[in-house]
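K.L.:
Would you mind keeping the following structure in view while I ask a few things?
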Amino acid sequence: MRKIISTSNAPAAIGPYSQAVRAGEYIFTAGQAGLDPATGALREGIEAQTTQTMDNLAAVLAAAGATFADVVKTTIFLTDLADFGTVNAIYGARFGQFPPARSTVQVAALPKGALVEIEMVAIVGTSGRWNVPTPLHRHLRSFQTFAIIRNAPFLEEERSPHGRSRGSVAGPGT
């Protein structure tokens with residue numbers, strides 16, 4: 001099931017894209033910048049743009065039935081990484097103790113001369129706060145366990161008689 005999410009409480013799309021798309025339990029937002037949804041004008045300065053960007057994302061998430069507590073991944077695009085500390089403080093205040101995974105990159109330019117753009121992925125329909133594991137949650141937990149075991153310094157690689165790789169734990173005295 002794919003549903004287009006749209007709200008007048010966030011800036012209208014300035015190209016051929018949707019503010020967000022809901023696919024099953026997943027919500028994928030388009031990148032939002034610090035545009036005032038009423039006027040379409042870009043806010044002045046990194047603090048005002050970041051605050052407006054987060055307000056815009058909150059509105060898009062709300063239109064999809066989600067909140068920042070449902071967000072599992074974000075990507076932040078900055079035109080100047082020197083603004084990272086300012087953006088980080090404003091962004092972090094919205095997530096509290098359990099922030100989502102995040103990537104932050106510097107880009108050469110953003111549409112309409114914006115200084116910051118943020119996109120998000122959220123999951124809904126799981127009691128909202130990961131209380132009820134979803135297939136993705138179980139998959140992520142399995143992947144995290146695999147990554148921890150696979151990258152453990154005490155894991156040695158050995159080959160089975162059939163040429164397949166299998167890990168074995170090498171502890172003290174082995």
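K.L.:
Can you give me the number of residues within the range 45-82 that are closer than 16 Å to ALA114 by Cβ, touching a residue at least 60 places away in the same chain (Cβ under 8 Å) and aliphatic (A, V, I, L, M)?
P.N.:
Residues flagged as closer than 16 Å to ALA114 by Cβ, touching a residue at least 60 places away in the same chain (Cβ under 8 Å) and aliphatic (A, V, I, L, M) within the range 45-82 amount to 3.
K.L.:
Which residues, counting only those in the range 93-116, are loosely packed, with under 11 Cβ neighbours inside 10 Å and within 16 Å of the chain's Cα centre (by Cα)?
P.N.:
ALA93, GLY96, GLN97, PHE98, SER103, VAL105
K.L.:
A further question follows. When both residues are 6+ apart or on different chains and their Cβ atoms are under 9 Å apart, which pairs have a first residue that lies in the range 17-33 and is outside the structural domain of TYR91 (by TED's automatic domain parsing), and a second that is surrounded by fewer than 20 Cβ atoms within 10 Å (Cβ to Cβ) and assigned to a loop (DSSP other than H, G, I, E, B)?
P.N.:
Taking only residues 6 or more apart or on different chains, not a single pair turns up.
K.L.:
Looking at (1) modelled with pLDDT of 95 or more; (2) of a type outside the set (Gly, Ala, Ser); (3) assigned to a loop (DSSP other than H, G, I, E, B), can you tell me which one ARG102 breaks?
P.N.:
The number of the failed condition is (3).
K.L.:
Sticking with this structure for a sec: Go through the range 16-35 residue by residue and tally those that are in a loop (DSSP other than H, G, I, E, B) and over 22 Å from VAL105 (Cβ atoms).
P.N.:
4
K.L.:
So ILE90 clears everything in (1) surrounded by 15 or more Cβ atoms within 10 Å (Cβ to Cβ); (2) part of a helix (DSSP H, G or I); (3) touching a Pro at 6+ places or on another chain (Cβ under 9 Å) except one condition, right? Which one?
P.N.:
Condition (3) is where ILE90 drops out.
K.L.:
Just checking, how many residues over the range 63-87 are among the small types (Gly, Ala, Ser), exposed (fewer than 15 other Cβ atoms within 10 Å of the Cβ) and part of a helix (DSSP H, G or I)? Step through it out loud before you land on a result.
P.N.:
In the first step, residues of the range 63-87 are kept if they are among the small types (Gly, Ala, Ser); the result is 63-66, 69, 82, 85.
Imposing the further condition that a residue be exposed (fewer than 15 other Cβ atoms within 10 Å of the Cβ) reduces the set to 65, 82, 85.
Subset that is part of a helix (DSSP H, G or I): 82, 85.
Of the residues in the range 63-87, 2 are among the small types (Gly, Ala, Ser), exposed (fewer than 15 other Cβ atoms within 10 Å of the Cβ) and part of a helix (DSSP H, G or I).
The values are calculated or read from the model by the stated rules, or taken from the named source; none is laboratory data. Since the model is a prediction, treat every value here as computed from it, not as a measurement. Here the Cβ is made from the backbone with ideal geometry for all residues, glycine too, and neighbour counts use every protein chain on show.
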